[in-house]
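The values are calculated or read from the model by the stated rules, or taken from the named source; none is laboratory data. These figures come from a predicted structure and were not determined experimentally. Neighbour counts run over all protein chains shown; Cβ positions are idealised from the backbone, glycine included.
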Amino acid sequence: MTSFMSLSLLVLASLFAFCTSQPSPSNGNYDMFWGTSSYYAHGLDEATRNAWLDGLQRDGARIIRIWINGISPGTYKGTNITVTIPNLEETVGIFNDTVLDAIDDLFMEGHRRGIKFIVSVHDGNAFGQNSCDAYCTEFGGFGPASGTPITLGNSFYTDPTAVAAFDSRIAHIMNYQSPNFGKPWAQLTEAIAAFDIENEPMIQAITQLDTVGPAWFCDRARQFKKYIGSAAIAVSTGGAGGSGNIYQNWNWRPWLFTCPEIDWIALHGYDGDWTQWVPNATALAAQYNKKLFVEEWGVVASARANNLAWNFEKFVELGLSWVYWELVPGPIKSCFCGSDRSNAVFEVQLDGPDYAGFQAIANRTLTAKSAYDFSAYLAL
């Protein structure tokens, strides 16, 4: 997810838009899907996790988007988490599979309910913006959100040592043998719909997007495909550059569409006019046989019901499936409350006070049509 400061600017500016060349519902007869992101679902206790998953199943969710990140005890969006799950790499190149084991258990519970997963193998915001992980420490970053520099630059996308380390991370995740399913994640079509190359790649190296990005994205996509082969698991862009708006098209740079190994183009944006937001994106998707979807979006608490419905109508008009940021199990505070991780600006509590509006669009999605066929990736 983009930093709160960046998102606030986007919301206040009301900048969001998609161009009129987008597909109409008549252009597609495929089933639309909906889902939610959660960066801490693998840390939920069994009762909370099962109740949350049961609610998602009840209302027809098909996707949960997760991160391979560690978890420390605390309150996450109103839910108390007591476990400690180390990062996959507390030190670059030294792997601790505890987090993969926890996620694999989540996969099994999702599978039992007909829900599949998009897996972000690393967070592009972890270079000081929202956190500073082993890659941040080793290769530099900018942050925290106040803008105080940790180092003079972010070499993660340019340093050959960093690139090789990330490829090793990809290989380790792809080759991880699922205890629950008895096969490597690269072939785990029962649970995994797609791998994000990274969550919001280059959001903290945006000046490198057009110089380093074309080769970096496609080379990383090839790394995934090397292990996935012909399995029905997609490689997704993960929201290139962060959240989009009318003034830039980070998410849908033309060179993303020309990479043969990229399957899905993931769009990230908050509370805006999607019908004018992505110039020529659908034309590029049609030309290069890519699938567009909204991987991350949200609306603020004020006038939420109307704004949810308004955004959903745009998705129907454009034939876009969507994944919300984020549907949470616990009671939340509609504020940015400093270090209190129970704060929630865009989050909606499952069966909470303002869930009815969300539930309405979730239910309508079940009969809506998409311009893009995701059925092979959603099949269990």
Kindly list the number of the only condition in (1) within 29 Å of ALA368 (Cα to Cα); (2) of a type outside the set (A, V, I, L, M, F, W, C); (3) in contact with a strand residue (DSSP E or B) (Cβ under 6 Å, 6 or more places away or on another chain) that fails for GLN57.
(3)
State whether the residues of the stretch 71-89 include one that is outside any loop (DSSP other than H, G, I, E, B) and either under 17 Å from the mean Cα position of the chain (by Cα) or among the small types (Gly, Ala, Ser) (or both).
yes
With respect to the numbered conditions (1) at pLDDT below 95; (2) touching a Phe, Trp or Tyr at 6+ places or on another chain (Cβ under 6 Å), which one is the sole condition not fulfilled by PRO214?
(1)
Scanning the stretch 17-34 for residues that are in contact with an Asp or Glu (Cβ under 9 Å, 6 or more places away or on another chain) and buried (at least 24 other Cβ atoms within 10 Å of the Cβ), the one modelled with the lowest pLDDT turns out to be PHE18
Kindly indicate whether any position in the stretch 72-82 is of a type in the set (A, V, I, L, M) and either closer than 26 Å to VAL235 by Cα or surrounded by fewer than 18 Cβ atoms within 10 Å (Cβ to Cβ) (or both).
no
So for the stretch 188-211 (the condition being crowded, with 19+ Cβ neighbours inside 10 Å, under 14 Å from ILE118 (Cα atoms) and more than 18 Å from the chain's Cα centre (by Cα)), does at least one residue qualify?
yes
Quick one: in the stretch 125-145, which of the residues that are touching a Phe, Trp or Tyr at 6+ places or on another chain (Cβ under 7 Å) and in a helix (DSSP H, G or I) is farthest from GLU296 (Cα to Cα)?
PHE139
Within the stretch 109-124, count every residue that is assigned to a helix (DSSP H, G or I) and of a type in the set (Asp, Glu).
1
When you scan the stretch 255-346 for strands (runs of 3 or more DSSP E) that lie fully inside it, which ones turn up with 3 or more residues that are within 18 Å of ALA360 (Cα to Cα) and modelled with pLDDT of 90 or more?
322-324
TRP297 - would you say it is within 28 Å of ASN29 (Cα to Cα), in contact (Cβ under 8 Å) with a residue 60 or more places away in the chain and buried (at least 20 other Cβ atoms within 10 Å of the Cβ)?
no
Among the candidates LEU106, LEU100, LEU56, which residue alone is more than 21 Å from ASP196 (Cα to Cα), hydrophobic (A, V, I, L, M, F, W, C), in a helix (DSSP H, G or I) and modelled with pLDDT of 95 or more?
LEU56
Could you list all residues from the stretch 226-254 that are surrounded by fewer than 21 Cβ atoms within 10 Å (Cβ to Cβ) and either hydroxyl-bearing (Ser, Thr, Tyr) or in a helix (DSSP H, G or I) (or both)?
LYS226, TYR227, SER230, TYR247, PRO254
Of all residues in the stretch 192-211 being assigned to a loop (DSSP other than H, G, I, E, B) and among the β-branched types (Val, Ile, Thr), the one that is modelled with the highest pLDDT
ILE197
What's the total number of residues in the stretch 62-98 that are over 18 Å from PHE166 (Cβ atoms) and touching a helix residue (DSSP H, G or I) at 6+ places or on another chain (Cβ under 7 Å)?
9
Restricting the search to the stretch 215-253, which residues are in contact (Cβ under 8 Å) with a residue 60 or more places away in the chain and at negative phi?
ALA232, ILE233, ALA234, SER236, SER243, GLY244, ASN245, ILE246, TYR247
